[in-house]
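Laboratory data are not the source of any read-out in this text; all were calculated from the coordinates shown. From a predicted model like this one, the values you see are computed outputs, not experimental measurements. Every residue, glycine as well, gets a Cβ built from its backbone with ideal geometry; the counts of neighbours run over all protein chains shown.
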Amino acid sequence: MKSFSSLFPLSSFLLLVSTLGIISAISPTALAQTASCPTSALSRFVRHTVSRGETLDSIAQQYSLTTTAIAAMNPGLQSRDVKIGKKILIPPYNGIIIEFPRGQTWADIAKTYKIRADVLFEINGCQKNPQFVFVPESNRSTLRTAIQSAAIPTSNSSSTKFTGYPLAAVTNVALPYGWQTNPQTGEVFFHSGIDIVTAVGTPVTAISEGVVAFADSQGTYGNLVIINHGNGLQSRYAQLETIKVVVGKQVKQGDVLGIVGTSGQPSSPQPHLHFEIRTSSDLGWVAKDPKNYLK
Ligand SMILES: [Zn+2]
């Protein structure tokens, strides 16, 4: 599953970020903004100075970002040992920076990155002809309305621990969460979940209690079940062969949601469950690294 069907080689992207001094180049450029438009995402980057005891993980947590998103904006930051005093560029959201492709429109870019054009336009300060564009991680916006309108359990779940496992037995991860390069094409893409290796036909179970918010076929996800767990937490189970639940159904941890399959466009060649965790934000449902929620 790809959040981005990305088109640029990673090396040129990194070069772009590292050589152009995006922040100073863009923020003063007094780009035409309408009164109702938010400040462009590129003007909202901040510089974080690493202090004692901080790690890339702790910094990412502090800003509610993924480590991969921060690493992508800081090409020198290859290793996890960030040094005290080092200045790190922090984006306002998980996402990437691209050069505005010549001859293309906002709608073209939106289509390429599977994000709503109006959202993309506003996040970039409603500029007419920017040189660079911040593309937030896609949230499959066509799903958003349906998902957010679904009922959310009102149980006192603040004390409930939100961890679990979507299969009966723990198994290997074929493809982890985050930026990945397709070995065949060299294409860089953002993998919004993890691919848990398991045989076709294996039952897939809810990792925690919640309400089914979506249960249907959806593009590259194939057959997809989405569960809202309350407290802005959501889990997604994709590439299913069959779905065993309907929208609105209350599920408990361990309830069977469907059967592992190969529907949609799986991101790993061997049969697997594509599993995602998302949290709600101003941008919609943002994909998190599921490994932090698995037990
Ligand atoms: Zn996947």
Under 5 Å between amide H atoms, partner at least 5 residues away or on a different chain: which partners does Y165 have, H built in plane at 1.01 Å? K295
Under a straight-distance cross-link criterion of Cα-Cα below 12 Å, which aspartates and glutamates are reachable from K244, leaving out those fewer than 8 residues away in the same chain? D216, D255
Please label the shape of the range 220-295 as rounded, prolate or oblate, based on the square roots a ≥ b ≥ c of the eigenvalues of the alpha-carbon gyration tensor (a/c under 1.5 means rounded; beyond that, a/b larger than b/c means prolate, else oblate). oblate
So, R0 is 30 Å and r is the distance between the beta-carbons of Q131 and S281; what FRET efficiency does that work out to, to 0.05? 0.70
Which part of the range 163-178 falls in the paramagnetic zone of V256, meaning amide N under 16 Å from the point 7 Å along Cα-to-beta-carbon? 166-169
So what is the relative contact order for the range 157-293, in percent, with contacts set as C-alpha pairs under 8 Å and at least six apart? 27
Full-extension gain in nm, R102 to K87, via 0.36 nm per residue minus C-alpha separation: 2.2 nm
Using a Förster radius of 22 Å, what is the FRET efficiency between A117 and V46 based on their Cβ-Cβ separation? Nearest 0.05, please. 0.25
Gain in span if fully extended, N182 to T55, counting 0.36 nm per residue against the direct Cα distance: 42.9 nm
How would you order 83-92, 238-247, 271-280, 125-134 from highest to lowest mean count of nearby Cβ atoms within 10 Å? 271-280, 238-247, 125-134, 83-92
Around C126, under 15 Å between beta carbons, what's the net of Lys plus Arg minus Asp minus Glu among the other residues? +1
Checking the cross-link filter: which lysines have an alpha carbon closer than 23 Å to that of K128, excluding same-chain neighbours under 8 positions apart? K111, K114
